[in-house]
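Below: one structure, written as structure tokens.
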Amino acid sequence: MTESTTTSTLVIPQLIVGLGNPEPKYEQTRHNIGFEAVDALARSWKITLSENRKFQGVFGEGSGLQGNKIRLLKPLTYMNRSGQAIRAATDWFKLPPESVLIIYDDMDLPVGRLRLRLSGSAGGHNGMKSAIAHLGTENFPRLRIGIGRSSTTPDSVSYVLGKFSPSETQVISEVLQLAIDAVELSIKQGVEKAMSLYNNRSVVISQ
């Protein structure tokens, strides 16, 4: 009895979604770090991404690390309607919300940190508000990548739509590798295991 209970609570991602905005002017901005993470996963796993109109996004699928099917999605609906694309994919593949791992930017985390969670509120993030509304629950895993806050740019919109500084860009490339490692462990051993190993890791900005 205990064993089956443990097995049922193991959360293994089957669809990994990165949040961002689709136009070239948004490329490599802080708000698009979710897109960058999915691109990094696609390169690492050799999954080809291409536009999929049915899912209103850029999509790709391949074999996961255990030989299971793994899917990657970047919604092209703009951030505040991300949930439309996510719901289209989950409905098509008949996936439960808890098998969807969403990767996005977080101003409350400093650059160099990431945080995995099994559930939670949107925390003011419009992409997550849309995801929660369309999935009908907050109970799905998410990986937040820290973008920090600016002391010189009080307007948060200008800040999140700005690009990382050269020193931050170096850190972000290392954080994206951490994100790949955390996602891979989530697929192999469940999100909780990855949380215990990666939520305390940090990459330091060198002066």
Checklist entry - So which residues in the range 148-168 are free of Cβ contacts under 8 Å to residues at least 12 places away in the same chain and either in a helix (DSSP H, G or I) or among the acidic types (D, E) (or both), if there are any at all? => result D155, V157, S158, P166
Checklist entry - So E23 clears everything in (1) closer than 27 Å to G148 by Cβ; (2) of a type in the set (D, E, K, R); (3) touching a Phe, Trp or Tyr at 6+ places or on another chain (Cβ under 6 Å) except one condition, right? Which one? => result (3)
Checklist entry - Hey, among the residues in the range 169-207 that are of a type in the set (A, V, I, L, M, F, W, C) and in a loop (DSSP other than H, G, I, E, B), which one's surrounded by the fewest Cβ atoms within 10 Å (Cβ to Cβ)? => result V204
Checklist entry - Would you pick out the residues in the range 135-147 that are in contact (Cβ under 8 Å) with a residue 24 or more places away in the chain and within 17 Å of Y104 (Cα to Cα)? => result L135, N139, F140, P141, R142, L143, R144, I145, G146, I147
Checklist entry - If you scan the range 33-44, which residues turn out to be buried (at least 19 other Cβ atoms within 10 Å of the Cβ), free of Cβ contacts under 8 Å to residues at least 40 places away in the same chain and not aliphatic (A, V, I, L, M)? => result F35
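Listed here are the residues, each with its yes/no results for (1) under 14 Å from the mean Cα position of the chain (by Cα); (2) closer than 28 Å to V11 by Cβ.
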{"residue": "S150", "(1), (2)": "no, no"}
{"residue": "S156", "(1), (2)": "no, no"}
{"residue": "E168", "(1), (2)": "no, no"}
{"residue": "Q177", "(1), (2)": "yes, yes"}
{"residue": "V183", "(1), (2)": "yes, yes"}
{"residue": "G190", "(1), (2)": "no, yes"}
Next on the checklist: Can you say whether R115 is closer than 15 Å to H31 by Cα and of a type in the set (K, R), as far as the supplied structure shows?
Outcome noted: no
Next on the checklist: If I filter the range 10-30 for residues that are surrounded by fewer than 21 Cβ atoms within 10 Å (Cβ to Cβ), on the phi > 0 side of the Ramachandran plot and in contact with a strand residue (DSSP E or B) (Cβ under 8 Å, 6 or more places away or on another chain), do I get at least one hit?
Outcome noted: yes
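The numbers here are math on the coordinates, done by the rules we state, and not lab data. This structure is a prediction, so every number in the text was calculated from the model and none was measured. Glycine gets a Cβ as well: all are built from the backbone with ideal geometry, and neighbour counts include every protein chain shown.
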